[in-house]
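This report refers to the structure that appears directly beneath it.
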Amino acid sequence: MNWYVTKDEQVLITAIAERAVELAALAGFEREAGNIEMDVTAVHANGCPIDLAGLLAADASDFGHDVFGMGRYVDHTTGELTDCFLPRYAMPEPKTGEVEHDIGAMYGGESALK
């Protein structure tokens with residue numbers, strides 16, 4: 001499993017973990033910052049890059065959904081998310097090999113791609 005993040009990313013991940021501990025405490029739960037840091041790092045570095053700055057600034061509902069969801073659905077042996085969980089602040093996948101469909105030409109009409 002990859003644990004590499006940049007120094008700037010680590011600063012954001014630490015701040016995310018600290019906010020998550022505070023949010024959990026407000027709800028009457030105890031969470032450890034170190035565990036949250038490991039979960040967010042594992043997800044971010046192993047196939048689901050997170051908009052860390054956006055997540056840190058997110059409202060409490062989206063923040064909690066993403067951080068506590070990552071904790072619940074991360075596979076701790078691979079860092080990959082399970083059960084189709086997708087954080088709201090997951091970075092969009094780059095578009096590669098996208099195909100344009102020319103409906104007009106497909107049905108014998110005039111091409112719309114001129």
Completion exercise
Length gained, residue 85-residue 35, 0.36 nm per residue minus C-alpha separation, equals 16.1 nm
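Listed highest first by mean packing, meaning other Cβ atoms within 10 Å per residue, what order do 23-31, 82-90, 41-49 come in?
The most tightly packed comes first, giving 41-49, 82-90, 23-31.
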Exercise for the section: Compute the distance in nm between two label points, each set 7 Å from the Cα along the Cα-to-Cβ direction, one at residue 3 and one at residue 27. Expected result: 2.7
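With only Lys, Arg, Asp and Glu charged, each at its Cβ (+1 for the first two, -1 for the last two), find how big the charge dipole of the stretch 7-73 is about the Cα centre; round to the nearest 20 debye.
Roughly 100 debye, rounded to the nearest 20.
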Completion exercise
Expected sort for 74-80, 3-9, 51-57 on mean C-beta neighbours within 10 Å, highest first, is 51-57, 74-80, 3-9
Problem - Overall form of the stretch 21-70 per C-alpha gyration tensor (a/c, 1.5; a/b vs b/c) - result: oblate
Fill in the blank from the handout: A chain fully extended from residue 11 to residue 77 at 0.36 nm per residue, minus the present Cα-Cα distance, gains in nm 21.4 nm
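None of the figures in this text is laboratory data; all of them are computed from the coordinates on show. These numbers were taken from a predicted model, which means no experiment stands behind them. Please note: Cβ atoms are built from the backbone with ideal geometry, for glycine as well, and neighbour counts cover all protein chains shown.
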